[in-house]
Amino acid sequence: MTSRREPRLADAAEIAAEQGLTPARISGLYTERAENAAGVPFPEIADMRGRARLWDHAQVTEWFAHRTPARLQEHTPPSRDPQELLNAADASRFLGYKNSNQVTTFVRDHPGYFPDPDIVEELGTTENPYRRQLWRVQTLLDWMATRPGRGRRAGAKAVPPLPDVPVDGDPDELLGATQAAALLGYKSVGSFSSSLSQGNLPLLKTPDALAENAGRQNGRRRWTRRHILEQAAQRSKKQNPAVSAHPPTAP
């Protein structure tokens, strides 16, 4: 007899990061589901983790794939030179966001979701340095056409999958957000980052180190494989308390 596979569950923070929304908006889509019952209502809650709602990840992904395009998808950016450089605030407005700090928030809180800047200018003085990040208009247009969480469009490039990260490597090796997301079973770096910022990964709240001498990666958080796998085991136990199997742990 073949055992039934447990569905993968996701909370509002993870779903929000994948779909380019906020956790509050995900909760709103659920509470307002009766209003669009004539169409396809938002999926029902599959389980609870404390006070946090959990949904079947596959059902939610399918729901978004058939959802009416959101405001940002319908936004038509103004005509500008594709090679023109825009700072974070100008890029936010160009993309149609009401919040001029939206791009800054993406870069700071959701690494891997938004493209790296095309140019980083080191400004200020030795005592008070600061950086200015600039994106080409073409870079922003490409992201709008292929951004994660909106489903594939005709001619769109596929979002690159997370790498395969071995669980049996050096337990003290320092790994970045992309590798941590893969080991934890997230679909994207953005969903990992959002879940971390929401306090859902307490064992990783404090990084083990910050990247140095790594160019654009300077200052990015790093965790040991050991701590990531400990968090993976805890996360698996919370999502599927009836399942005794846990991810392998580092020696």
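Taking the average, over residues, of other Cβ atoms within 10 Å as the packing measure, peptides 221-232, 21-32 rank 221-232, 21-32 from highest down.
Taking the simple approach of a point 7 Å from Cα along Cα-to-Cβ for both residue 142 and residue 122, what is their distance in nm? The modelled label-to-label distance comes out at 2.5 nm.
Every read-out reported here was derived from the displayed coordinates using simple, explicitly stated rules and does not represent laboratory data. Here the structure is a predicted model, which is why all the values come from computation and not from measurement. Cβ: placed from backbone, ideal geometry, glycine included. Neighbour counts: every protein chain shown.
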